[in-house]
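Engineer: Before I ask anything, let me first share the structure, which is written out below as structure tokens.
The values are calculated or read from the model by the stated rules, or taken from the named source; none is laboratory data. None of these values were measured; they are calculated from a predicted model. Backbone-built Cβ (ideal geometry, glycine too); neighbour counts: all protein chains shown. Heads up: the accessible areas ignore ligands, DNA and RNA and are worked out on the full protein's heavy atoms, side chains in. Shrake-Rupley method; radii C 1.70, N 1.55, O 1.52, S 1.80 Å.
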Amino acid sequence: LLILDRDGVINEDSDNYIRSLADWRPIPGSIEAIVRASMAGLRVVVATNQSGLSRGYFTLDTLEQIHPRLYELVETGGGQLAGIFYCPHLPDEGCGCRKPGTGLLLAIEAELGESAAGAWFVGDSLKDLQAARAFGCRPALVTTGKGRATAACLQEADLELERPGEIPIYPNLHAAVDAILTEPPA
């Protein structure tokens, strides 16, 4: 199982949110990386916070244009996504599915019938890394999206994250998948 954040990992991120299909632009190499991971036998899923829904920045119809496009690009390349799981809630709503909560990971397990513990979880934000660690996943950071800023904050002593120095950092999803696929079996 390979778990990916969406904005900043698969596609370009925006402080103004990805509000339309026209705003959604894959990061070069990311779709190919998903295809390679899938073709190598990994079940690839996306776990993404999408509070723009609750903020009214875009509608469910818009999200349902973006996600099929992602599926289509991966399938056209010969790969497969096992699912896209998202949290529509605002940060102050206190839901369990919003990362750094682990509800999306529970939903992935329930849907796929497979444990997410021990799976790689590639993200670009501290929330991604915290969710991964809290659930027993193996966090990896990419420096696309918010990743460069996140990498800088991993040096902070008061960071609410176990063993930040053990988190591998990659320049992009392509490099992260290369490393994951060439890793010797545990």
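Engineer: For P(r) over Cα pairs in 10 Å bins from 0, in percent, the choices are [x] 8, 28, 39, 22, 4, 0; [y] 9, 34, 34, 19, 4, 0; [z] 10, 39, 40, 10, 0; which was calculated from the structure?
Structural biologist: [z]
Engineer: Okay, which of the stretch 48-66 sit inside 13 Å, backbone N to the point 7 Å along the Cα-Cβ direction of Leu90?
Structural biologist: 51-57
Engineer: Quick one: check the C-alpha center-to-center distance for the stretch 128-147 versus the stretch 1-33, whole angstrom.
Structural biologist: Going from one Cα centre to the other spans 15 Å.
Engineer: A follow-up question, please. Assuming 0.36 nm per residue, please report the length gained on full extension of the stretch Leu60 to Thr182 beyond their Cα-Cα distance.
Structural biologist: 40.1 nm
Engineer: Near Thr62, within a Cβ-to-Cβ distance under 12 Å, what is the net charge of the other residues, with Lys and Arg +1 and Asp and Glu -1?
Structural biologist: Its environment carries a net charge of -1.
Engineer: Per residue, how large is the accessible surface of the chain? Use a 1.4 angstrom probe and give square angstrom.
Structural biologist: 47
Engineer: For Gly79, what is the net charge nearby, where nearby means another residue's Cβ is under 10 Å from its Cβ and Lys, Arg count +1, Asp, Glu -1?
Structural biologist: Net local charge, Gly79 excluded: -1.
Engineer: Which are the unpartnered cysteines of the chain, meaning those with no other cysteine Cβ under 4.7 Å from their Cβ?
Structural biologist: Cysteines of the chain left without a disulfide-compatible partner: Cys95, Cys137, Cys153.
Engineer: On a 1.4 Å probe surface of the protein chains, which of Leu1, Leu105 comes out largest in accessible area, and what is the full order?
Structural biologist: Leu1, Leu105
Engineer: Something else now. Hey, any idea what % of the stretch 1-145's accessible area is carbon plus sulfur with a 1.4 Å probe?
Structural biologist: Looking at the stretch 1-145 in its full context, I get 48 percent from C and S.
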